Amino acid sequence: MADPTQTPAHRAGGEPAEPADVVFARRMRKDFQRIQMEHEFAVDEMLTKVSILRREFLHLHRYNPIEHVGSRVKTSASILQKVARLGIDPTPEAIRAGIHDIAGVRITCSFIADTYRVLDALTSQTDVGVLRVKDYIAHPKPNGYKSLHALVEIPVFLSTGPVPVTVEVQVRTIAMDFWASLEHKIYYKYDGSVPAGIVTSLTEAAELADQLDQRMEELHTEVRGVGRERAEDTTPDLDERMLLRVWDSARADARAEGDGDGDNARGPAD
């Protein structure tokens, strides 16, 4: 079978054909741009879902469990490096099947209970397919890392039809996020070879962060009270008495219009 990277020596018109590696590089660039675009759209979809949840919690529950939301999409160069490192064929199909962290969304919550609440609200949506969930909060990594990780698949609707795209979602508390950020910077500084003493200190810091999470959640529960995060039927900018007056006025207008229609239906008196 012919090598797909090889091109004829001459084109149909007799002109010299482009070198095979140039044709291959051009095709790869187009493929990578499309993959990156699809994942950017998938991140936009997830951010919209998170934004809707934030607004719902604020308006109906008068409480926002989401402190911060961040996202990222790997660059074409970063995807290519991972493709080469993992030995994956540089085709869109192989990349989609073999690399699942091209798109990522990170949600930072106030308290541990909020992380589970938010992740459950996202993954229970009908258009979100859950591929895998890892609970590093209940089962931390040996170095102390804690977070909820979910690999989800959502449809991105393009002009050619829906495309299923994988997004990695991480949900953690503020304390967990601070620890993870510091750990990442340390490992980057030492190029992965972190001195044993610093590793021990990081693990101890993770335990302190966990104690802080537990204590802050206790204080939060004590201040708000169990069950205080109840749904409200009104928003702070709506006055109940004003709504009742509007409702009474609307009913009065409806009755008046009904009476008028009845008079017209009877016709003129004999």
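Just so it is clear, none of the values below were taken in a lab; they were calculated from the coordinates. Please read all numbers here as calculations on a predicted model, not as lab measurements. A quick note on method: Cβ atoms are made from the backbone with ideal geometry, for glycine too, and the neighbour counts reach across all protein chains shown.
Calculate the tail of P(r) for segment 44-179: the fraction of all Cα-Cα distances greater than 19 Å, expressed in %.
55
At 0.36 nm per residue, minus the direct Cα-Cα distance, what do M28 and E222 gain on full extension? Give it in nm, one decimal, please.
On the way: separation 194, 0.36 × 194 = 69.84 nm, distance 5.72 nm.
The M28-E222 span can extend by a further 64.1 nm.
Too long at a 30 Å Cα-Cα cut-off: which of K49/K189; K141/K189; K30/K141?
Long pairs (Cα-Cα over 30 Å): K49/K189; K30/K141.
For segment 93-167, what is the convex hull (Cα atoms) projected area averaged across all directions, in square nanometres?
6.3
Non-local amide H neighbours of Y63 (under 5 Å, H modeled in plane, Pro and chain starts lacking H): which ones?
L58
Compute the Rg/Rh shape ratio of segment 129-178: radius of gyration over Kirkwood radius, all on alpha-carbon atoms.
When Rh is taken as the Kirkwood radius, the ratio is 1.17.
Name the residue from V50, S76, Y145 whose Cα lies farthest towards the positive end of the charge dipole of segment 20-174, charges +1 on Cβ of Lys and Arg and -1 on Cβ of Asp and Glu.
Positive-end residue among those listed: Y145.
If a paramagnetic tag sat 7 Å from the Cα of D21 along the Cα-Cβ line, which residues of segment 64-95 would have the backbone N under 19 Å from that point?
Answer for segment 64-95: 77, 80-81, 84-85, 90-91.
Taking θ as phi - 60°, what are the ³J(HN,Hα) couplings along segment 171-188 by the Karplus curve (6.51, -1.76, 1.60), each to the nearest whole Hz, with x for Gly and Pro?
With the stated coefficients, segment 171-188 comes to 10, 8, 7, 4, 5, 4, 5, 4, 5, 5, 5, 5, 4, 5, 5, 5, 5, 5 Hz.
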